[in-house]
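Visitor: Have a look at this one before I ask anything.
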Amino acid sequence: MLQKISPVLVILSIASVAIFGFESTYEQRISDSARLLIGLSSIDSNACQACKLGGEMYNNGCKHCAQDSMSFHTHSSDGQPYEISWGKNNGLYQGDNSCTGNQSFPNTKAENGDTYWVEMRRNESQFTIDLFNDVNFSKKHDSVSIKLCSSPNNLKYLRVSGEDGIPAGNGGRYVGYVDDIQIWNQTNLHSIGDNTNQTELVLIYDEDFDECTTTTCDNKWVLQNPTMLYVDTKNHNFYFDSQVSGTNANAHLDLGKSLSDNQWVMRFKFHIDTIQSYPDGSGLLHLSSLMRGLIFGVPSLVLPIISFIISKNTPSKLLGYLILVSGMFSFVGLMSANLTNNDQFLNFETMWSTLKLLSVVISIVIIILGIVKLIKSRN
């Protein structure tokens, strides 16, 4: 009885991998999600030639250009987290060669209607961001801190960056504004009559956008996409509409001087009007890529092996050919598949690479089992 079931199992395996491939073909794949970064960088939004047409970073956008940066960050995938992020001669949120560059707030996700007063603080190698519920920064809502493995330097540009990956598509959306930006920088005070130096935090930038008469705040801001990031002169704030635009969705303001590598503080009001979440696949069966893999991908790998085991003492060229074809289909189909995850952080890439490697190994094993079955069936 079990031997009669074996061909059925392999046929189901071939059908599973066929459906998996068919669904993946019709799935709406977006390589990036909507994201927003507000913070400081060592380069302005004009400087990165690698993200221009024909450059090596063109498909990923200017956020991946090498720079030093420290930012407040959110994106529309993975539950819409708020994150602390930094980079050293790397992308805006990619850390350095030794450490990852982002960490999520433990208790807070981005939601429609959010309003927080954000405080970013650097104290030498410690980078902290606090979220407050009030304009006086007295009612702390959540906090996250990260140790810098290397020191971001020459932070002289205030940056607001959206998602500028290629191609444009539906990767979610953030609409809202930033207001009341203030930056304090550590300054040396030379005492008269002795050689000792004292330091204090001095307010070097203060903008509430009330006096701005143009979308660039009278040429203070450089806007790469003035339809998505600009100064709203009617509502007196800095408006953002972050989506996967396929354009250079970045803006910057030159502070005129690099901030201290030891200590500085940046505060601003952050408000989200609406969020459109990152779509989790849109195949004909409306399954997420993860569920598609579990329902169709796993059976395509498991069923041929079960079929071989329960029929190992029964010669059958037909079954051998079916197992061989199933293994080849699985190898091609699963190797060409991609999970719809945008973040491209190291941990996700490592996980997905491991899954692909495991799928390749199992597919090769299935092919070998098919060959073994054919050889035994000829004797």
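Visitor: Identify all residues within the stretch 246-273 that are in a strand (DSSP E or B) and over 24 Å from L203 (Cα atoms); write none if there are none. Steps first, please.
Guide: Taking the stretch 246-273 as the starting set, the residues that turn out to be in a strand (DSSP E or B) are 250-254, 263-273.
Hits for the stretch 246-273 are N250, I272, D273.
Visitor: Can you tell me which residue among Q94, Q67, Q182, Q80 is touching a Lys or Arg at 6+ places or on another chain (Cβ under 6 Å) and crowded, with 19+ Cβ neighbours inside 10 Å? Before the answer, list the steps.
Guide: Details: Q94 fails: touching a Lys or Arg at 6+ places or on another chain (Cβ under 6 Å); Q67 fails: touching a Lys or Arg at 6+ places or on another chain (Cβ under 6 Å); Q182 fails: crowded, with 19+ Cβ neighbours inside 10 Å.
Answer to the selection: Q80.
Visitor: Looking at the stretch 195-254, which of its residues are touching a strand residue (DSSP E or B) at 6+ places or on another chain (Cβ under 6 Å) and under 14 Å from E163 (Cβ atoms)?
Guide: Correct list: Q224, M228, L229, F240, D241, S242, Q243, V244, N250, A251.
Visitor: In addition: For I30, indicate whether it is β-branched (V, I, T), modelled with pLDDT under 95 and either under 24 Å from Q276 (Cβ atoms) or outside the structural domain of V178 (by TED's automatic domain parsing) (or both). Write out each step before concluding.
Guide: Values: β-branched (V, I, T): yes; modelled with pLDDT under 95: yes; either under 24 Å from Q276 (Cβ atoms) or outside the structural domain of V178 (by TED's automatic domain parsing) (or both): yes.
Considered against the rule, which asks whether it is β-branched (V, I, T), modelled with pLDDT under 95 and either under 24 Å from Q276 (Cβ atoms) or outside the structural domain of V178 (by TED's automatic domain parsing) (or both), I30 comes out as yes.
Visitor: On to the next question. Please verify whether D78 is assigned by TED's automatic domain parsing to the domain that holds N154, at pLDDT 95 or above and of a type in the set (D, E), treating the condition exactly as stated.
Guide: Working: assigned by TED's automatic domain parsing to the domain that holds N154: yes; at pLDDT 95 or above: no; of a type in the set (D, E): yes.
So D78 does not fit the description; no.
Visitor: Let me ask something else. Within the stretch 155-178, is there a residue that is on the phi > 0 side of the Ramachandran plot, part of a loop (DSSP other than H, G, I, E, B) and surrounded by fewer than 19 Cβ atoms within 10 Å (Cβ to Cβ)?
Guide: no
Visitor: Could I ask something else about it? For residues that are buried (at least 17 other Cβ atoms within 10 Å of the Cβ) and in a loop (DSSP other than H, G, I, E, B), tally how many sit in the stretch 217-229. Steps first, please.
Guide: First, pick out the residues of the stretch 217-229 that are buried (at least 17 other Cβ atoms within 10 Å of the Cβ): 217, 221, 223-225, 228-229.
Among the residues that remain, those that are also in a loop (DSSP other than H, G, I, E, B) are: 217, 224-225, 228.
The total comes to 4.
Visitor: Which residues, counting only those in the stretch 300-338, are more than 17 Å from G370 (Cβ to Cβ) and either modelled with pLDDT of 80 or more or surrounded by fewer than 18 Cβ atoms within 10 Å (Cβ to Cβ) (or both)?
Guide: As a first pass, look at the stretch 300-338 and keep what is more than 17 Å from G370 (Cβ to Cβ): 335-338.
The answer is M335, S336, N338.
Visitor: Also: Can you find, within the stretch 110-123, the residue that is nearest to V265 (Cα to Cα) among those that are touching a strand residue (DSSP E or B) at 6+ places or on another chain (Cβ under 6 Å) and either of a type in the set (S, T, Y) or surrounded by fewer than 16 Cβ atoms within 10 Å (Cβ to Cβ) (or both)? Step through it out loud before you land on a result.
Guide: Quick first cut of the stretch 110-123, residues touching a strand residue (DSSP E or B) at 6+ places or on another chain (Cβ under 6 Å) only: 110, 112, 114-123.
From what is left, the residues that are either of a type in the set (S, T, Y) or surrounded by fewer than 16 Cβ atoms within 10 Å (Cβ to Cβ) (or both) are 112, 115-116, 123.
Values: N112: 27, T115: 20, Y116: 16, N123: 9 Å.
By that ranking, first place goes to N123.
Visitor: Here's something else I'd like to know. Starting from the stretch 230-245, take each residue that is in contact (Cβ under 8 Å) with a residue 60 or more places away in the chain and outside any strand (DSSP E or B) and list its partners that are of a type outside the set (A, V, I, L, M, F, W, C) and surrounded by fewer than 23 Cβ atoms within 10 Å (Cβ to Cβ), counting only C-beta distances under 8 angstrom and pairs at least six apart or across chains.
Guide: Note: pairs meeting the criteria are S245/N225.
Visitor: Right, another one. What is the one condition in (1) of a type outside the set (S, T, N, Q); (2) modelled with pLDDT of 90 or more; (3) not in a loop (DSSP other than H, G, I, E, B) that I43 does not satisfy?
Guide: The number of the failed condition is (3).
Visitor: Just name the residue that is modelled with the lowest pLDDT out of those in the stretch 185-215 that are surrounded by fewer than 17 Cβ atoms within 10 Å (Cβ to Cβ), farther than 21 Å from L155 by Cβ and β-branched (V, I, T).
Guide: As a first pass, look at the stretch 185-215 and keep what is surrounded by fewer than 17 Cβ atoms within 10 Å (Cβ to Cβ): 187-206, 208, 210-211, 213-214.
Subset that is farther than 21 Å from L155 by Cβ: 189-198, 208, 210-211, 213-214.
Cutting the leftovers down to β-branched (V, I, T) gives us 192, 196, 213-214.
Working: I192: 49, T196: 56, T213: 97, T214: 97.
Step by step, filter the stretch 185-215, then rank; the result is I192.
The values are calculated or read from the model by the stated rules, or taken from the named source; none is laboratory data. This one's a predicted model, so the numbers in the text were calculated from it and none came from an experiment. Heads up, the Cβs are rebuilt from the backbone with ideal geometry, glycines too, and the neighbour counts pull from every protein chain shown.
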